[in-house]
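The values are calculated or read from the model by the stated rules, or taken from the named source; none is laboratory data. Please read these numbers as outputs of a predicted model, since none were measured by experiment. Backbone-built Cβ (ideal geometry, glycine too); neighbour counts: all protein chains shown.
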Amino acid sequence: MNTQNTENTQTMTEEREPSQRRRKLLAITAGGLVLGLGGVLTLASWTDQEAAQGSFAAGSFALESSTDGTNFNATAPESPLTLNFSELAGNLSPHDSATAVYAVRLNQTSDYAASVDGAVSATGDAADNLTYQIQQVNDIKGTETIDTMISSESVTSGATHDGIFELDALDDVVYMKVTVTADSELDQGEKADVTWTLTGTSGSSLA
C-alpha cells in the first residue's frame, strides 16, 4: 500500500469518527428527552381541602303552674298542683259549687311556643255525681271571665280537649277558673279526687 492510500484511509476514518460521535450524542440526547417526558408524567398532583362544621343541641320546653300567679313550679300527674278550692269543696251538698283559679305559663327557659290540651280523671264514690267547667279569667282572683274553655262535663268523662289555649311567649300567662258542681244524687259522706291534666305540645321557636 502506498503512502497516499494510507493517508486517504486515515482521512476517511477521521471523517467517520466525528459522524459516529454525533450520532451517539444525538441518541443520548433523544434518550434524555424520552426520560424527561417520562419524568413529567410521574410528577405528584397538588391537593387542597375545605371543611365546614356545625354544632347542634336540643332546645328546652316545659309548662309550669301556680295557685297564686307569682310562684310557678313544674308539676306531674303523680305530684299535681293542689288547687285552693273554696271551703265549700269539703262540705258539698246537692247542687253546691266550689271554685279555684290557677295560672299556667311556659317555663322561663323554654325555647318554643305551646299548644295546650286538657284532660280529666277522677276516683272515689262521689265522682259520678260531680261535673266541672273551666273558664279563662283575667287574673288569679278570677274577677272577669274571658272565655269558657270547657263547658259542664262529668269528672268521670275521661274526655280530652285539644288546643284549649296557646302560649306564644314567655310572658303569656293563662288564668283558669275551675268550677266543680255536685248533682242532686250526691250522697252524704261521699268523696272524690279529681285531676285535671294539661299537656303542652311544642310549636314554633320563640327566637
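Residues that are among the β-branched types (V, I, T) and on the phi < 0 side of the Ramachandran plot number at least 3 in the following strands (runs of 3 or more DSSP E) confined to the range 141-207: 145-154, 173-182, 193-205. Note on the range 181-191: residues that are among the hydrophobic types (A, V, I, L, M, F, W, C) and in contact with an Asp or Glu (Cβ under 7 Å, 6 or more places away or on another chain) total 1. Evaluating E190 against the criteria (1) in contact with a strand residue (DSSP E or B) (Cβ under 8 Å, 6 or more places away or on another chain); (2) surrounded by fewer than 18 Cβ atoms within 10 Å (Cβ to Cβ) leaves one unmet condition, (1). Looking across A52, A126, A76, one residue alone is free of Cβ contacts under 8 Å to residues at least 12 places away in the same chain and more than 19 Å from M176 (Cβ to Cβ). It is A52. For the range 30-67, a residue qualifies if it is at pLDDT 95 or above and among the β-branched types (V, I, T), and exactly one does: T67.
Given T99, T75, which one is more than 31 Å from the chain's Cα centre (by Cα), within 30 Å of L130 (Cα to Cα) and assigned by TED's automatic domain parsing to the domain that holds V194?
T99
Within the range 82-106, the set of residues being under 18 Å from T199 (Cα atoms) and surrounded by fewer than 18 Cβ atoms within 10 Å (Cβ to Cβ) comprises just one member, T82. Scanning the range 86-107 for residues that are farther than 21 Å from L167 by Cα, part of a loop (DSSP other than H, G, I, E, B), of a type outside the set (S, T, Y) and at pLDDT 95 or above gives L92, P94, H95, D96. In this structure, S110 qualifies as surrounded by 19 or more Cβ atoms within 10 Å (Cβ to Cβ) and assigned to a loop (DSSP other than H, G, I, E, B).
I'd like to check something: does the range 140-151 contain any residue that is in contact (Cβ under 8 Å) with a residue 60 or more places away in the chain, under 22 Å from G200 (Cβ atoms) and either surrounded by 15 or more Cβ atoms within 10 Å (Cβ to Cβ) or of a type outside the set (G, A, S) (or both)? There is at least one residue in the range 140-151 that is in contact (Cβ under 8 Å) with a residue 60 or more places away in the chain, under 22 Å from G200 (Cβ atoms) and either surrounded by 15 or more Cβ atoms within 10 Å (Cβ to Cβ) or of a type outside the set (G, A, S) (or both).
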